[in-house]
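Structure record follows, encoded as structure tokens.
Every number in this text was worked out from the coordinates using simple rules, so none of it is lab data. Every value quoted in this text rests on a predicted model; they were computed, and no experiment measured them. Positions of Cβ are generated from backbone atoms using ideal geometry, with glycine treated the same way; all protein chains shown enter the neighbour counts.
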Amino acid sequence: LNGNPKVQLEYLSLLLKHKEEYIEKVYREESVSAQSSNEAKLYKAILLLNMRLLCEYKKEQAIEFVKKKYLPFKECLQICKEYNLSMAIAYLYKRTGEYAKAFEVYMPMLKRCAEQFFNSTTTKIIAEYEAIYKNALKLCIKNALVSNNNTLWFILLEHLHYISQDISKRREKEDYLSGALVSEASALINECMRKLLNEMLDRISLESIIEEITKNCWQLADFNQIFEPLLNSYLHQGKLLATAQQLLRCLSKRLIDTIISCKSKATAVISSLCTACQTSIIAGNYCIFPCGHVFHRHCIESTKRCSVCSEALG
């Protein structure tokens, strides 16, 4: 069928559909084997041929095909690059754990969609932009789990800020931008920015975010509507955390007092802090003098007397 690739593609699609479970089983067995069997090599060649033909004749199906669990991902990635199939490339990068590279593929796609806000007459472009943005945001989150680099977050924030400002400037100059589509796009960008900053605040300090905004010469006023509710939530969470920490300190003090009291009921303990270093006493690692002063064992070293009132250790 080499002379008739479209028929060849139909045949391969039926073959793979019929043999899918078996092919997946062969690949699982190969993954724990030191050498590839002839059967595994044959199926690999069939899968790659099918990948190439889908890229050539049925691009939408190619994007779905790369989601199969048993594909040779690196070879499929190379084929998708040859045909410049961006969605498939981004997905394969993600599958191989190369989140930053997948993100780099999504960003030009986001920019192209955003440009169409001003020319399109249907809301389809809004849905397309939102879908790509969600994938880009997920990649930022995944990348943050494996890397301390915050670059992806700020690249996405810069893009959203630019689009927001572009919409505002064009609205001031051109009457046709007052239509429903651009209003919907503006609302979407603000919502995307809110979600992004919310995720960033969970992982990056507020000071670092503001520092990056000012470093890029963006106006903080541009973020007021987005920042205000987020900051209120952020401050509320901070107050809750501070309250929880205070409660834990109180409970810890009560617990230490109880332990000390139980261990030496005849002695009135002055404080649950070490008299020498003024840090909390750890159960089992302290000395109580008859005078009531408490010390870490390592703080009194070899002396047998209280350094405050010279009482001997009982």
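Miscellaneous remarks
- Calculated FRET efficiency for the pair residue 48/residue 165, C-beta based, R₀ 30 Å, to 0.05: 0.10
- For a label point 7 Å along the Cα-to-beta-carbon line of residue 118, residues of region 145-161 with backbone N under 19 Å: 158-161
- Modelled this way, with points 7 Å down the Cα-to-C-beta line, the labels at residue 298 and residue 111 are 5.6 nm from one another.
- A straight chain from residue 104 to residue 6 at 0.36 nm per residue would run longer than the Cα-Cα distance by 32.0 nm.
- Estimated FRET transfer efficiency (residue 146, residue 15; beta-carbon r; R0 35 Å; 0.05): 0.40
- Kirkwood-based Rg to Rh ratio, region 1-118, C-alpha trace: 1.03
- Ordering 155, 186, 136 by Cα displacement along the dipole of region 82-209 toward the positive end leaves 136 in first place; charges were set at the Cβ atoms of Lys, Arg (+1) and Asp, Glu (-1).
- In terms of packing, defined here as the mean over residues of other Cβ atoms within 10 angstrom, the peptides 188-194, 89-95 line up highest first as 89-95, 188-194.
- Taking GluC sites (Glu not before Pro) across region 139-175, the ones in a DSSP loop with at most 11 further Cβ atoms lying within 10 angstrom of their Cβ are 174.
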